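Structure record follows, encoded as structure tokens.
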Amino acid sequence: MQIKPEKLRERLDRGLASVHLVAGEETLLVEEACEAILGAARRQGYSERRVMHVEAGFDWAELAGEAASLSLFAERRIIDLRPAANKFDRKASDALRAYVAAPPDDVLLLIRTGRLDGRQRSSAWFKAIDKAGLVVLVWPVGPRQLPQWLAGRLRDAGLKLNNEAFSYLSERVEGNLLAAVQEIEKIKLLDLPQPIDAAAIADAVEDVSHFDAFELIDAALAGDAKRLRHVQHCLREEGVAIMAVLGALNSQLRRIDAGAWMPPHRQRLVAPFKRRVGAIDGLLAELALIDQQVKGVIFGDPWLSLERVLLRQCGLDIARFEDERRHLQRTDL
């Protein structure tokens, strides 16, 4: 049975299924859906959880083995299975269909994965889970859906904004749902008079000493190398997760490549940026390599690699930049 993310909690109140599948590329929404399922399971006595990462060399027979194993500490257990969307091969299909055909009474299986394409959603294993369990497909929140999604989040937080404030906040968090949630929590804690106006929102979310990933994006789009280096330095010093920065950059670059709507101040920068960069695919590929550095798959400093990539998009001569950096380091010594 397929259900929309916004209807999930209501459905869980009526009971759990033996198998739950949550799939999508919006990390925040996927995590929230999984936490809702795990929370409902804990309330119903599922007190032990085993996380299984499906990586290279994974044996799908382990799923059946784990399900059949006895626990010394809990009568009800959760198997939190985490395969990548491209890991559902023939062995995976056979294992999942066999599991769904005869699920253990004391085990809840939660499968969380990335976006599934049409072929995968037509596969035998998906249909088996759809028929016997609960499927939550999480779709990206695009510019057209963002106002409705944001309005719902504000309503749940008990916040009322006037139209100008709502537009300002929408532009501020567009393309970054995690940032939206964080800003809403910040505004809620301030206990501002309602309805909240744009000036109050600006004071709440703007901090001259704080930079976020979108300011880094704007600096890169504008070709402002000096500001870009300053913003990135602040992000790193403040302990901002580089994966969050890469996620925001990827999101905006894909929107640029697709010609999607963007805030007016950013849209004006797109044309000159594309002339400097050329094909967006090449830049996305470089960010993918930096992602591998973050995960330790490839050697290197991801922050330094990101700086080099972005400075090159600003039209800076990286070889000359590196020579100047080494000269300054020698001078400091």
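Remarks
- Condition met for A64 (outside the structural domain of L150 (by TED's automatic domain parsing), over 30 Å from S251 (Cβ atoms) and in contact with a helix residue (DSSP H, G or I) (Cβ under 7 Å, 6 or more places away or on another chain)): yes
- Those residues of the stretch 262-275 which are in contact with a helix residue (DSSP H, G or I) (Cβ under 8 Å, 6 or more places away or on another chain) and modelled with pLDDT under 85, in sequence order: M262, P263, H265, R266
- Among the residues listed as D207, D203, D224, the single one being at pLDDT 85 or above, surrounded by fewer than 18 Cβ atoms within 10 Å (Cβ to Cβ) and over 17 Å from the mean Cα position of the chain (by Cα): D224
- Out of A180, A222, A244, sole residue that is within 22 Å of T27 (Cβ to Cβ) and assigned by TED's automatic domain parsing to the domain that holds A271: A244
- Hits in the stretch 292-313 (condition: in contact (Cβ under 8 Å) with a residue 60 or more places away in the chain and of a type in the set (A, V, I, L, M)): L306, L310, L311
- Within the stretch 59-74, the set of residues being surrounded by 12 or more Cβ atoms within 10 Å (Cβ to Cβ), in contact (Cβ under 8 Å) with a residue 24 or more places away in the chain and more than 31 Å from the chain's Cα centre (by Cα) comprises just one member, A74.
- Candidates G15, G24 - the one that is at positive phi and within 23 Å of the chain's Cα centre (by Cα): G24
- With respect to (1) in contact (Cβ under 8 Å) with a residue 40 or more places away in the chain; (2) aliphatic (A, V, I, L, M); (3) surrounded by 18 or more Cβ atoms within 10 Å (Cβ to Cβ), the lone exception for L12 is condition (1).
- Number of residues in the stretch 77-117 that are touching a residue at least 40 places away in the same chain (Cβ under 8 Å) and of a type in the set (A, V, I, L, M): the value is 9.
- Of the helices (runs of 4 or more DSSP H) lying entirely inside the stretch 146-261, the ones with 1 or more residues being under 28 Å from P5 (Cα atoms) and either of a type outside the set (K, R) or touching a Gly at 6+ places or on another chain (Cβ under 8 Å) (or both) are found at 146-156, 163-173, 177-190, 198-205, 213-222, 242-258.
- Filtering the stretch 190-199 to residues that are of a type outside the set (S, T, N, Q) and closer than 11 Å to L159 by Cβ leaves L190, D191, L192, P195, I196.
The values are calculated or read from the model by the stated rules, or taken from the named source; none is laboratory data. Since this is a predicted model, take the numbers as computed values, not measurements. Methodologically, a virtual Cβ is constructed for each residue, glycine included, from the backbone with ideal geometry; neighbour enumeration extends over all protein chains shown.
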